[in-house]
Every structure is written in C-alpha cells, then in structure tokens.
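FYI, it's all coordinate maths here, none of it is from the lab. Fair warning: this is a prediction, and the values are worked out from it, not measured in the lab. Here the Cβ positions follow ideal geometry from the backbone for every residue, glycine too, while neighbour counts run over all protein chains shown.
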Ligand SMILES: *Cc1c(COP(=O)(O)O)cnc(C)c1O
C-alpha cells in the first residue's frame, strides 16, 4: 500500500516539476507519519524515504529511537519552549518557529548541546485564527531578530494553507509565501537564507510545487486517512 502510494505521489511531484520547469531534485518529499503505526513508517523507509515529519515531540522521540539513524526527522508541529531541549540535535529541521522566544530557546539548547539547528519560520499567510504562525508583515523582523542568535539558522519559510476542496484556491497563498521569501532574501540579512519553502500537503502539493515549494509534507497521500481529530 505505502509503496504504491509513494510511487503515485512521486509521479505527481515529477509531473508538477515538469510543468514548472524545475528539476525534481529541487523538491524534497517529507513523509508525514504522525499517528501511523511503526510498520507503515518502516514500509516507507524500505521504499526509500529518508525524510519524515512528525508533529508531536513524544512521538518524534519514540520514532527516532525505533528507526534507523540515517533518517532526517522534521519537526512540523507546534513546539513548546519547554520541549525544545528534547529534540535539539536530533532533528534535521524545525519547521514551526513562530516567535523570538522559541528561537531563543532553540539557540540556547543548541549551544548547550554544541549543535547547529536549522529552522523555518512558520507564516500564517491566510491569517486564519485557528493557526499558529507569524503574520507576513512580522516575518522579516522576526528573521532579523533571530539572525543574531548563535547556533540557530533561518533557512526559509513554512506555511500550512487552509483546508480547501480545490487546491487552486491555495495557489495565491503559496505565491505570497514565495514572494515574502524573495522580499526577505533581498534584505541580505546575515545568517538568514530563504532557500527552503516548506509548503503543500496531500490536497495541494502539486500547486505548491508549481509555486516554488522546496519541501512538500505529505501524510494522507502516503499512509492513508488519519482519525479525524489529528
Ligand atoms: C498532518 C500535517 C501534514 C500532512 O497532512 P496531509 O494532509 O495528511 O498530507 C503536513 N503538514 C503539517 C504541519 C501537518 O501537521
């Protein structure tokens, strides 16, 4: 199941890259394994996936323990400051940084563990009240404030687009995130790069790739439906 799904997802990624005139190597598929049994995570690993996304610290830690060490783990969910110490040094990237205080904690723990941590700034492009993330207007200032912190590096932006029936409805959201990244890049802030745009989920990753996504986070499309409350 997982392997067939993966092949289908990859061929859609391939087609989207072609349409956008982008090489397929531009796009990293992050398999979002949250809430799914470990057997399915293993199946995805066996099929060649090495980038996995989780949204809860406890699950992330359990899976890091249980799975091979050549996996790049991505923290994609809301992160509380008091849990930063458990994941620093263990994850490839934290996609969900939306405050200076959280970045300060990541910096402090990275220094303490003598590691460098790559982060993305989570932007609430659509201004949905139910979502975490900074507003587009606050993003450049946040990047600038974080840039002076040791051992933490802003690599780009992340957004969770609204849930829509038709993916086209999110095209403008993705385009705005891309434009925001271009605007911030043009400020040439030391220790801030905008190379990674993490956007696009099962319902809309094809459109996200056309608009410049570097990471797509696909859960349902690979592992099947989750219980509705997750
Ligand atoms: C669950 C989740 C995803 C994957 O969602 P699907 O619609 O199942 O592909 C992507 N990003 C984040 C932040 C998530 O929490």
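Figures for the structure shown
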quantity	calculated
Cα-derived Rg to Rh of the range 126-230, Kirkwood definition	1.00
Estimated translational D of the chain in µm²/s (Stokes, Kirkwood radius over Cα pairs; 10 °C; 1.306 mPa s)	89
Length-normalised contact order for the range 172-230 - Cα pairs under 8 Å, 6+ apart - percent	28
Gaussian network model of the chain, springs between alpha carbon atoms under 10 Å - residue of 165, 138, 210 with greatest fluctuation	165
Listed residues 100, 60, 157, most fluctuating in the chain (Gaussian network, C-alpha, under 10 Å)	100
Radius of gyration and Dmax over the Cα atoms of the range 49-159, both given in Å	13.6, 41
Zero-based 10 Å bins, Cα pair distances in the range 1-42, whole percents	25, 46, 24, 5
Convex hull per residue volume in Å³, alpha carbons only, for the range 110-172	106
Relative contact order %, the range 13-54, counting alpha carbon pairs below 8 Å whose residues are six or more apart	41
Sites residue 101 and residue 3 - FRET efficiency at Förster radius 35 Å, r taken between beta-carbons, to 0.05	0.25
Within a Gaussian network of the chain (alpha carbon springs, distance under 10 Å), most fluctuating of 55, 166, 124	166
Kirkwood Rh and Cα Rg combined as Rg over Rh, evaluated for the range 1-93	1.01
The chain, relative contact order in percent, only Cα pairs under 8 angstrom and at least six apart counted	21
The chain: calculated mean residue ellipticity at 222 nm from DSSP helix runs of at least 4, using -39500 (n - 2.57)	-12000 deg cm²/dmol
